[in-house]
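Worksheet: one structure, shown below.
The values are calculated or read from the model by the stated rules, or taken from the named source; none is laboratory data. Note that the coordinates shown come from a computational prediction; the quantities given were computed from them, not determined experimentally. Counting neighbours? That spans all protein chains shown, and the Cβs are built from the backbone with ideal geometry, glycine included.
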Amino acid sequence: MSDSRAEALPLAASDAELLAVSEQRQLNLNLAELRAIVQHFRTLAPQRRELGLPEGATVCELEVFAQTWSEHCKHKEFNAIIDMKLGSGQAAKAWRVDSLLKTYVIRATETIRDKYQRAGKDWVITAFDDNAGVARYSDRQHLVLKVETHNAPSAIEPKTGATTGLLGCQRDALGTGKGGARLIAGMDVLCFAPPQPGVPLLPGQLDPEVVARGVVEGIAAAGNLTGVPTVAGAVVYDRRYAAKPLVHCGTLALLPAEYPSGPGHLKVVRPGDRVVVVGGPTGLDGVHGATFSSAALKTGQSASVVPPGNPALQRRLLDVLERACARGLVLGCTDNGAGGLASSVGELAQLSGGAHIDVRKVPAKPGQISAWQLLLSESQERMTLAVAPEHVAAVLQLASEQRIFAADIGAFDASGVFAVADGGERVAHLDLGFLHGGVPRKHLQAQWLPPIVREPELPPLDLDQTLLQLLASPNIASREGVIRRYDHEVQGGSVLKPLMGELGLAPQDAAVLRPDPDSWQGLAIAHGICPKYGDLDPYEMAAGAFDEAVRALVSVGAQLPSLQHATPWVGCDNFCVPDSVYHPEHNSDGRKKLGALVRMAEALFDQSVYFDVPMISGKDSMKNDFRAGALKLSVPPTLLVTLVAQVPDVRHVLSSEWKAAGDLIYLVGATYDELGGSELYALFGKLGARVPKVRRPQAKTAYLKHNTAHGQGLLQSSHDLSDGGLAVALAECCIGAGLGAQVLLPGDGPSDLAWLFSESHSRLLVSVRPEHAAAFEAVLGDTAALIGSVTFEPRLRVLRRGAVLIDSEVAALTRSWHMGGLL
Amino acid sequence: MTARVAVLWGLGLHCHSEALAAYRSVGAAASLVDASAFLAGQADLSAYDLLHVSGGFSFGDDGGAGVAFAQELRQGPAWSALVAWLAAGGRVVGVCNGMQILAASGLLPNIAGTYTREVELQPNLGGQFVDRWVRCVGRLPNLPDQYLEMPVRHAEGRVVPASPDIAQQIEDLQLAVLRYVDLGDDVTEQAPDNPSGSQGGVAGLLSADGRVLGLMPHPEAAMSPLQHPAWLVRRRLGDLPEHGDGERLLRWLVGPFLQRDTP
């Protein structure tokens, strides 16, 4: 009898014995889950004796449960029942959340879809239902969007972790619907700790700079070698990301609407179809990845759970899939990520109602490997396909031409069971319904209390110096050192690149792509992420992240969706938070952390519904902590919002840099004294109190007027305001153009400091030809203020109430901005 | 006569889609040819006038950029057919990884006529992959305007001749047909205008018999004016051309390049 077939969870085991098994095998299953499994197997005893299997779950079966039910795969906390309390005492508001995902994310999407369906204009095709979201793009193609995180692996093996992160996300898009989507863009949003000279590292912790360099190298390797342009992203610094870096990897793809085998977005798996594995060989690398990434990092954690990535092999896999699918050879397709074949075959088997495979038919790396390891291995660059029996030979042929492995390992059926054999020996016989639906739900407690904070006293400032310091600060400085290491132009579709202008210095708010050279249609991609506001107000932080992405897309000229202009916009949400499950000793502030998460999710709902921007996929990562003995580091709660908007004609986009001297400069949107969490305060190590708030009605008004003015051809440039506020936005427009600006700020409103550095949301800095001023002002009304003009002399001068606040040569601004680039 | 172009794809060569579209946009009859079939000697080159070796990372560039692909080409059944086809008037252009393959296989510049490796494409002096737009000046007969702006995207682009003698012959025979220039239009060896630090600013090489061309910049990614990073500024200044510079270079490839017999 093989080890895979041995009984691992005897029906008579005591609670202590059950927990010991979970601990020994590093399964991360809790007692309720272990009991549920034993209970389920009790009902099957006679049947299992007949099958020649032990009564209790076999090693192989137990391993499948551990992976399938891991936090990583089942999102037990994001789907938990949560008792939430906002505030304290009499004024507290309490409510119960039945799954954050359903309540705040899926329900928002459904609300929007419902509104547009009634008008016959719904553009969402698949949301939260496949490896990636799918939405309408054209009659011939759908867009596919996915953003994933790969935090834990990147913390211990930065380069490998990031490479497998991006490659894994590519395969999610590739394995959506029938599969074979054309990958047209990659994205990376990276959260690192800034270098902290003099701060000793904890045992097992990598130097933040080593992490940052390794991650960028890993993303570059994955994107460049696969020929998928890395077009958009962000780097965010906060010292608390020393606990774990956050490595968000995104992929945008176009999926043919119709294949010879039927609609591209629909997997149709019938009993009798074959289970075909394509890609690299399977080995011991990456066994237990899903359970590993569902736990906090511990000192001395081994890197062996991080499987190496092979981008060159993945490129050939992309080529094979694209061609096999185009020929109608594939009926359904999914990636082998967390949980390996157990997950991929298990998922596809739900469509036909069962599957049986022989893991010894899986192409394996040299060396001994047991059946459960073959089944659970997370060796990279593998896809599982459903193929009609008559097409198997053609798929194997295509794979062999590109020199990658492919094997027919079994068949789908309608037995209701996922059956696994090791050669002639049965090692697992799992009820599909229980495997996917049997995990007990968690019940958690959450509470959010507003912090007690106040505005700091700042010393008198030399504002020129302050601006130079801000330009060189980690969250603002040039990203050129990262951007130029990524091929962002392969496939020839980039219309707005990350850096534009004659000198290639102008940072852009969003990337714009033109995927097909025979059409002017395109896509704009932007991100919003601002964890720094979360300590003050997680709701406003999340709302701000959403607004940041919206205003970036508006800035490049995308039309906000409405029933009149049903421009398809879609999004992807990524929540990364520390362990948010209360525990009296190990996580005494767990309720507060979960409270912050609930507030973030509420904001996502409110923004999504208000702006008619549905999320079509998303991911949560719940255990972003680092433990060394009694010490625990936790990342700040972080929401990344990735938005993609359709652009009917890419010739009508806007870039950020000034275009010509003499153009007038307007500030769209209102500025408030909202320096809380600002980069200005961060220069002095302060947090402040007044957090930027998203005022949705005003924001929408500003965006729609911007849309109208742009539609009339009145805008020459547009740049959104974010980190560092107006002063930094002005500097960036000058740096990008090599031109200057003469600015006179309004005498009314907030203080000089707030005018210059407040990070109030929903603002855009635009330039307008003088002859268009009247038309522009007629559209914008009091939503925009004329604040200055573009000058030929490369000098930024800002005046207010007769005083010169800033007077700096653009060369000096550029120098600081470049010097601060950390990579 | 419509030029017949074979665009190689696969085994890591991945700039084929844009290359295919680019050739078609200049009126060529272009089709994709599977690199594995080509290496196996199964591609009928006689059906083509020009073989385009696409950019990418063939075999992941294990063991050096283009080296593994070149080895298989030299040792496999495709080699003799390729040499015979070249002798019969065929033309080859390699872009980026394509140029690296041509150099590693001895097809470029092939001064001695013995297909030995005469130049290497070594890592950029900056040590890193670079994606940036560059300015180049060409020396390509019958190309209307020799000033070209195109993107480079590579980590190993520094053209290093195997000996001073070869370096001298490259100059004497005028085989360095594309060079990086700075803002003042002078040939440069300095980053960022010369992203690899290539000596003499060499960005492209022609073989001694004029039949094989290698380019580090990507003309197929400079076809539309909208691909240029300064297109919005230039449009405002009334300075936006109808096509990108790569289009002019591609027209040259499917025109004058095919017709010449000697350099």
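What tally of residues in the stretch B:67-78 results from selecting those that are under 17 Å from the mean Cα position of the chain (by Cα) and more than 16 Å from A:ARG315 (Cα to Cα)? Show your work before the answer.
Step one: filter the stretch B:67-78 for residues under 17 Å from the mean Cα position of the chain (by Cα), giving B:67, B:69-70.
Right, trim to more than 16 Å from A:ARG315 (Cα to Cα) and you get B:67, B:70.
Within the stretch B:67-78, residues that are under 17 Å from the mean Cα position of the chain (by Cα) and more than 16 Å from A:ARG315 (Cα to Cα) number 2.
Among the residues of the stretch A:624-655, how many are closer than 26 Å to A:GLY133 by Cβ, away from every other protein chain (no Cβ under 14 Å) and surrounded by 21 or more Cβ atoms within 10 Å (Cβ to Cβ)?
Counting residues in the stretch A:624-655 that are closer than 26 Å to A:GLY133 by Cβ, away from every other protein chain (no Cβ under 14 Å) and surrounded by 21 or more Cβ atoms within 10 Å (Cβ to Cβ) gives 12.
Could you name every one of the helices (runs of 4 or more DSSP H) located completely within the stretch A:636-750 that has at least 2 residues being closer than 30 Å to A:PHE626 by Cβ, touching a residue at least 24 places away in the same chain (Cβ under 8 Å) and among the aliphatic types (A, V, I, L, M)?
Details: elements: A:679-683, A:696-711, A:725-737.
In the stretch A:636-750, the matching helices (runs of 4 or more DSSP H) lie at A:679-683.
Give the residues of the stretch A:755-812 that are polar (S, T, N, Q) and either assigned to a strand (DSSP E or B) or farther than 30 Å from A:ALA545 by Cβ (or both), sorted by residue number.
Correct list: A:SER767, A:SER789, A:THR791, A:SER808.
Just give me the residues in the stretch B:136-163 being in a strand (DSSP E or B) and within 11 Å of another protein chain (Cβ to nearest Cβ), in sequence order.
Applying the first criterion (in a strand (DSSP E or B)) to the stretch B:136-163 yields B:136-138, B:147-154, B:158-161.
The answer is B:GLU149, B:MET150, B:PRO151, B:VAL152, B:ARG153, B:HIS154.
Does A:VAL668 satisfy being more than 14 Å from chain B (Cβ to nearest Cβ), crowded, with 24+ Cβ neighbours inside 10 Å and more than 29 Å from A:GLY595 (Cα to Cα)?
When the stated conditions are applied, A:VAL668 passes them.
Residue by residue, here is whether (1) touching a Pro at 6+ places or on another chain (Cβ under 9 Å); (2) among the acidic types (Asp, Glu) holds:
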position: A:ASP579; (1), (2): no, yes
position: A:ALA596; (1), (2): yes, no
position: A:ALA601; (1), (2): no, no
position: A:GLN607; (1), (2): no, no
position: A:TYR610; (1), (2): yes, no
position: A:GLY618; (1), (2): no, no
position: A:SER621; (1), (2): no, no
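Please specify each residue of the stretch A:18-70 satisfying the condition of being more than 14 Å from A:LEU430 (Cα to Cα), buried (at least 16 other Cβ atoms within 10 Å of the Cβ) and of a type in the set (D, E, K, R).
Scanning the stretch A:18-70 gives A:ARG25, A:GLU33.
Mind checking whether some residue in the stretch B:215-238 is at pLDDT 95 or above, away from chain A (no Cβ under 12 Å) and buried (at least 24 other Cβ atoms within 10 Å of the Cβ)?
Among the residues of the stretch B:215-238, at least one is at pLDDT 95 or above, away from chain A (no Cβ under 12 Å) and buried (at least 24 other Cβ atoms within 10 Å of the Cβ), which makes the answer yes.
Do any helices (runs of 4 or more DSSP H) lying entirely in the stretch A:34-129 carry at least 1 residues that are within 30 Å of A:LEU375 (Cα to Cα), and which ones are they?
Details: elements: A:45-51, A:59-68, A:71-74, A:107-118.
In the stretch A:34-129, A:45-51, A:59-68, A:71-74 are the helices (runs of 4 or more DSSP H) which contain 1 or more residues that are within 30 Å of A:LEU375 (Cα to Cα).
Go over the candidates B:ALA104, B:ALA65 one by one and state the one that is in contact (Cβ under 8 Å) with a residue 24 or more places away in the chain and either surrounded by fewer than 24 Cβ atoms within 10 Å (Cβ to Cβ) or in contact with a strand residue (DSSP E or B) (Cβ under 7 Å, 6 or more places away or on another chain) (or both). So that I can check it myself, show each step before the final result.
Numbers: B:ALA104 fails: either surrounded by fewer than 24 Cβ atoms within 10 Å (Cβ to Cβ) or in contact with a strand residue (DSSP E or B) (Cβ under 7 Å, 6 or more places away or on another chain) (or both).
B:ALA65 is the lone residue from the list that is in contact (Cβ under 8 Å) with a residue 24 or more places away in the chain and either surrounded by fewer than 24 Cβ atoms within 10 Å (Cβ to Cβ) or in contact with a strand residue (DSSP E or B) (Cβ under 7 Å, 6 or more places away or on another chain) (or both).
On the given criteria, is A:THR334 more than 14 Å from every other protein chain (Cβ to nearest Cβ), at pLDDT below 75 and either surrounded by fewer than 21 Cβ atoms within 10 Å (Cβ to Cβ) or at negative phi (or both)? Lay out the reasoning, then the answer.
On the way: more than 14 Å from every other protein chain (Cβ to nearest Cβ): yes; at pLDDT below 75: no; either surrounded by fewer than 21 Cβ atoms within 10 Å (Cβ to Cβ) or at negative phi (or both): yes.
Against the criterion (more than 14 Å from every other protein chain (Cβ to nearest Cβ), at pLDDT below 75 and either surrounded by fewer than 21 Cβ atoms within 10 Å (Cβ to Cβ) or at negative phi (or both)), A:THR334 does not qualify.
Here are A:ASP408, A:ASP464: which of them is acidic (Asp, Glu), within 30 Å of A:ALA506 (Cβ to Cβ) and either part of a loop (DSSP other than H, G, I, E, B) or in contact (Cβ under 8 Å) with a residue 12 or more places away in the chain (or both)?
On the way: A:ASP408 fails: within 30 Å of A:ALA506 (Cβ to Cβ).
It is A:ASP464.
Name the residues in the stretch A:434-493 that are acidic (Asp, Glu) and away from chain B (no Cβ under 14 Å), would you? Give the derivation first.
Applying the first criterion (acidic (Asp, Glu)) to the stretch A:434-493 yields A:455, A:457, A:462, A:464, A:480, A:487, A:489.
Across the stretch A:434-493, the qualifying residues are A:GLU455, A:GLU457, A:ASP462, A:ASP464.
Going by the structure shown, is A:GLN314 within 14 Å of chain B (Cβ to nearest Cβ), at pLDDT below 95 and buried (at least 23 other Cβ atoms within 10 Å of the Cβ)?
no
Among residues belonging to the stretch B:7-29 that are buried (at least 24 other Cβ atoms within 10 Å of the Cβ) and of a type in the set (A, V, I, L, M), point out the one that is farthest from B:GLY56 (Cα to Cα).
Ranking the qualifying residues of the stretch B:7-29, first place goes to B:ALA28.
Looking only at the stretch B:220-233, decide whether some residue is among the hydroxyl-bearing types (Ser, Thr, Tyr), touching a helix residue (DSSP H, G or I) at 6+ places or on another chain (Cβ under 9 Å) and either closer than 23 Å to A:GLY736 by Cβ or part of a loop (DSSP other than H, G, I, E, B) (or both).
As a first pass, look at the stretch B:220-233 and keep what is among the hydroxyl-bearing types (Ser, Thr, Tyr): B:224.
If we keep only those that are touching a helix residue (DSSP H, G or I) at 6+ places or on another chain (Cβ under 9 Å) too, we end up with B:224.
Okay, now just the ones that are also either closer than 23 Å to A:GLY736 by Cβ or part of a loop (DSSP other than H, G, I, E, B) (or both), so B:224.
Scanning the stretch B:220-233 turns up at least one residue that is among the hydroxyl-bearing types (Ser, Thr, Tyr), touching a helix residue (DSSP H, G or I) at 6+ places or on another chain (Cβ under 9 Å) and either closer than 23 Å to A:GLY736 by Cβ or part of a loop (DSSP other than H, G, I, E, B) (or both).
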